[in-house]
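Undergrad: Got a structure for you, questions after.
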Amino acid sequence: LLEAVFDRLPQYELELVQISDLGSILTGVNAGLYQLGFNNLAKNEEREKLVQYTDPIMVNDYSVVLNKDLGITEFNGLEDLVGLTCYGSAGNDKTTLLEDWNEEHPDQLINIQYASIDLVAGLQDVEAGRVDFTIIDTPMFKGYYQPEYNLDVVSFSLAGRTSTKYSYFVVAYGDDQLLADVNAALAEVFADGTSTAICQAFLGADFTPGIADR
């Protein structure tokens, strides 16, 4: 998507630099080491102190991924997870979603095992039945983890149940021309169907803002 945006901005030369963690993206853009950053970035007040956000680039969506031996063939909402067990990491947005449910429904608890475990291991533990389910960003699951690891699990959309609605690119404060140019190119990429084609090719569904919102 970023490459499609800069195809429409010949006045810039795009160089992609991979760095190791989210904090380095934000501080690097803030310090002027990079002119733009991205990593499925959501917006919050703390981050907005460091960087400014472009228009939304993607509508967020969560999937609940379950062990197939549970025999769950349809999914209505978090109430279907009552009594089941998953891994959770303190402060994680998906864990917070479940913690909020437990706080609101003390007699219908979802079991959270707090642990630091990477996504692949967590998904494989769901597949093996060591835990019942996990919650993951739908584009990450459908676009990478499921096809890459051929996981024998079942999944359902948690439509509308996310910590933040959109993901964004970020640029430094003071880089107002770059921000305006990226937003203008984004609008073109959305309007001419390029974003839809990219989403469908790599993520298996259309997460384009303004289309996925309907």
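The values are calculated or read from the model by the stated rules, or taken from the named source; none is laboratory data. The shown structure was predicted, so the numbers you read here are calculated from the model rather than taken from an experiment. All Cβ positions, glycine included, derive from the backbone under ideal geometry; neighbour counts span all protein chains shown. What goes into the accessible areas is simple: the full protein's heavy atoms, side chains included, and nothing from ligands, DNA or RNA. Shrake-Rupley method; radii C 1.70, N 1.55, O 1.52, S 1.80 Å.
Undergrad: Right, residue 155: part of a loop (DSSP other than H, G, I, E, B) and within 19 Å of the chain's Cα centre (by Cα) or not?
TA: Values: part of a loop (DSSP other than H, G, I, E, B): no; within 19 Å of the chain's Cα centre (by Cα): yes.
For residue 155, the condition - part of a loop (DSSP other than H, G, I, E, B) and within 19 Å of the chain's Cα centre (by Cα) - is not met.
Undergrad: Here are the criteria: (1) among the charged types (D, E, K, R); (2) modelled with pLDDT under 95; (3) surrounded by 15 or more Cβ atoms within 10 Å (Cβ to Cβ). Tell me which single one residue 148 does not satisfy.
TA: Result: residue 148 passes all but (3).
Undergrad: Which members of the stretch 1-31 meet the condition of being part of a helix (DSSP H, G or I), open to solvent by 70 Å² or more (accessible area, probe 1.4 Å) and under 24 Å from residue 139 (Cβ atoms)?
TA: Within the stretch 1-31, the first condition is being part of a helix (DSSP H, G or I), and the residues that meet it are 2-7, 22-31.
Next, only the ones that are open to solvent by 70 Å² or more (accessible area, probe 1.4 Å) stay: 3, 7, 27, 30-31.
Passing the criteria: 3, 7.
Undergrad: Could you identify the single residue in 59, 120, 126, 51 that is more than 30 Å from residue 36 (Cβ to Cβ) and β-branched (Val, Ile, Thr)?
TA: After ruling out the rest, the residue left standing is 126.
Undergrad: Another question, then. What about residue 210, is it in contact with a helix residue (DSSP H, G or I) (Cβ under 8 Å, 6 or more places away or on another chain), surrounded by fewer than 17 Cβ atoms within 10 Å (Cβ to Cβ) and on the phi > 0 side of the Ramachandran plot? Working first, answer last.
TA: Details: in contact with a helix residue (DSSP H, G or I) (Cβ under 8 Å, 6 or more places away or on another chain): yes; surrounded by fewer than 17 Cβ atoms within 10 Å (Cβ to Cβ): yes; on the phi > 0 side of the Ramachandran plot: yes.
Yes; evaluated as a whole, the condition is true for this residue.
Undergrad: To continue, here is another question. Any residue that is in contact with a Gly (Cβ under 8 Å, 6 or more places away or on another chain), of a type outside the set (Ser, Thr, Tyr) and at pLDDT below 90 - is there at least one of those in the stretch 53-76? Can you show your working first?
TA: To start, the set of residues in the stretch 53-76 that are in contact with a Gly (Cβ under 8 Å, 6 or more places away or on another chain) comprises 67, 69.
Going one step further and asking which of them are of a type outside the set (Ser, Thr, Tyr), we end up with 67, 69.
From what's left, at pLDDT below 90: none.
The answer is no, given that none of the residues of the stretch 53-76 is in contact with a Gly (Cβ under 8 Å, 6 or more places away or on another chain), of a type outside the set (Ser, Thr, Tyr) and at pLDDT below 90.
Undergrad: Can you find even one residue in the stretch 153-162 that is open to solvent by less than 40 Å² (accessible area, probe 1.4 Å) and hydroxyl-bearing (Ser, Thr, Tyr)? Show your work before the answer.
TA: Step one: filter the stretch 153-162 for residues open to solvent by less than 40 Å² (accessible area, probe 1.4 Å), giving 153, 158, 162.
Okay, now just the ones that are also hydroxyl-bearing (Ser, Thr, Tyr), so 162.
Yes, the stretch 153-162 has at least one match.
Undergrad: Can you tell me which of 39, 60 is within 23 Å of residue 98 (Cβ to Cβ) and under 19 Å from the mean Cα position of the chain (by Cα)?
TA: Residue meeting the stated conditions: 60.
Yes/no matrix, rows are residues, columns are (1) touching an Asp or Glu at 6+ places or on another chain (Cβ under 6 Å); (2) outside any loop (DSSP other than H, G, I, E, B):
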{"site": "135", "(1), (2)": "no, yes"}
{"site": "183", "(1), (2)": "yes, yes"}
{"site": "198", "(1), (2)": "no, yes"}
{"site": "210", "(1), (2)": "no, no"}
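Undergrad: Within the set of pairs 6+ apart or on separate chains, which have a first residue in the stretch 135-158 that is within 19 Å of residue 117 (Cα to Cα), a second that is among the charged types (D, E, K, R) and open to solvent by 40 Å² or more (accessible area, probe 1.4 Å), and C-beta atoms under 7 Å apart?
TA: Within 7 Å, the pairs are 151/127; 153/68; 153/127.
Undergrad: Just to be sure, is residue 117 under 25 Å from residue 148 (Cβ atoms), among the aliphatic types (A, V, I, L, M) and not in a loop (DSSP other than H, G, I, E, B)? I'd like the intermediate steps shown before the answer.
TA: Numbers: under 25 Å from residue 148 (Cβ atoms): yes; among the aliphatic types (A, V, I, L, M): yes; not in a loop (DSSP other than H, G, I, E, B): no.
It is false that residue 117 is under 25 Å from residue 148 (Cβ atoms), among the aliphatic types (A, V, I, L, M) and not in a loop (DSSP other than H, G, I, E, B).
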